[in-house]
Amino acid sequence: MRLIVISVVSGFLATGSLAFFLYKKIDRIISGLLAELSTLRREIGELKSELKAVKTKPVSSSSLSRSKNRSYSSVNTLSDEYEDALDFDESFSSTTFSNVLRPQQFESVDELLNGNRSQKETAFQWLNSRYEENCTNPEYLWRYAKALVEHCHQVNGDKEQEKQLVFKAKDVAFQSLQLNPNCSAAHKWYAIALGRVGDFLPLNDKIKNGFLFREHIEKAIEINPEDSTSYYLLGRWCFGVYMLSWLERKVAATLFASPPTSTAEEALQNFITSETLKPNSWSVNQLYIAKCYIQMSQFEEAADWLDKAYHNSHLDEEEQEVQKEIRDSYEKYKSYLKRKAE
């Protein structure tokens with residue numbers, strides 16, 4: 001920036017001492033501006049810290065103070081200044097030095113990634129623009145992989161674009177694993193990306209990826225046994241293997257000495273564990289519990305779980321897409337609820 005300004009000004013000046021004098025003066029002015037810029041960025045960080053303190057414990061408005069003898073008469077005043085500071089900070093979002101993510105920023109990213117589709121899209125755009133500066137940070141990489149997978153919901157059925165997204169997600173998650181093989185989330189999102197990539201692969205490769213999927217999900221559970229999502233995913237793998245078609249089983253038998261096997265009972269155990277860790281949070285998990293019971297011919301238990309899924313008010317936008325299946329299954333098996341009550 002300094003060089004651009006100096007070059008432009010110098011082009012309009014005659015040579016000699018006057019040009020040199022103005023050059024030095026402009027240089028001093030720009031140096032001062034850059035120093036003030038650094039001070040303002042530091043103060044933005046202080047404002048963010050103060051707002052976090054206000055959110056975590058009640059503080060009287062008279063006790064709020066800023067460094068360098070700046071005081072604020074109320075929490076509202078601090079909040080207004082914080083919002084202004086955020087707007088100011090956003091103006092630097094495209095600069096290289098502000099794109100290197102700090103650990104405390106990931107909490108905000110996670111809130112967006114776990115929000116609605118609009119929030120997930122915001123997270124995607126934010127992470128997508130910061131890859132070059134953070135490509136050696138495993139915490140950034142698995143979140144970026146997650147954002148890439150979530151962004152598939154925004155491409156309106158464009159299969160070629162979806163294919164590019166999921167293959168990139170797989171590569172990015174693998175990068176995260178190479179940098180930190182003990183990261184549960186990296187194993188989980190690598191497995192999820194492998195599953196999504198399978199939609200664009202021949203059956204042979206899809207089955208091969210199935211082994212890798214289970215390996216990484218089990219590793220994710222080993223590292224973090226409290227993550228309900230990983231148990232749900234392992235349940236889906238078990239249920240999918242149990243429901244393999246005759247052709248798929250034949251292909252698997254030709255590829256592996258010991259082809260993958262599972263049972264409805266094994267799948268059910270994982271779905272139940274997921275439900276226990278995070279009760280009534282996923283209607284789709286409750287649907288798959290019901291599906292397992294149906295395969296086991298335990299229709300009263302299936303009806304009970306379909307009833308829970310049907311009346312589950314905790315739905316995200318992806319789960320709303322399976323509501324038709326839940327509704328149809330509920331109508332088919334709800335008569336068993338009366339038998340259980342009797």
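Tabulated values for the structure
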| quantity | calculated |
| --- | --- |
| Qualifying positions in the range 205-219 - open to solvent by less than 60 Å² (accessible area, probe 1.4 Å), of a type outside the set (D, E, K, R) and within 17 Å of residue 267 (Cα to Cα) | 210, 213, 216, 217 |
| Failed criterion for residue 274 (all others in (1) in contact with a Ser or Thr (Cβ under 7 Å, 6 or more places away or on another chain); (2) open to solvent by 20 Å² or more (accessible area, probe 1.4 Å) hold) | (2) |
| Which numbered condition residue 190 fails, given (1) within 23 Å of residue 215 (Cα to Cα); (2) open to solvent by 10 Å² or more (accessible area, probe 1.4 Å); (3) out of contact with any Ser or Thr (no Cβ under 8 Å at 6 or more places or on another chain) | (3) |
| Number of the exception - residue 254 against (1) modelled with pLDDT of 95 or more; (2) open to solvent by 60 Å² or more (accessible area, probe 1.4 Å); (3) more than 23 Å from residue 196 (Cβ to Cβ) | (1) |
| Top-ranked residue in the range 173-186 [being assigned to a helix (DSSP H, G or I) and over 17 Å from residue 110 (Cα atoms); ranked as most open to solvent (accessible area, probe 1.4 Å)] | 178 |
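The values are calculated or read from the model by the stated rules, or taken from the named source; none is laboratory data. As the structure is a prediction and not an experimental result, all values here were calculated from the model. No Cβ is skipped: glycine too gets one built from the backbone with ideal geometry, and neighbour counts run over all protein chains shown. We work out accessible area using only protein heavy atoms, side chains counted, and drop any ligands, DNA or RNA first. Shrake-Rupley method; radii C 1.70, N 1.55, O 1.52, S 1.80 Å.
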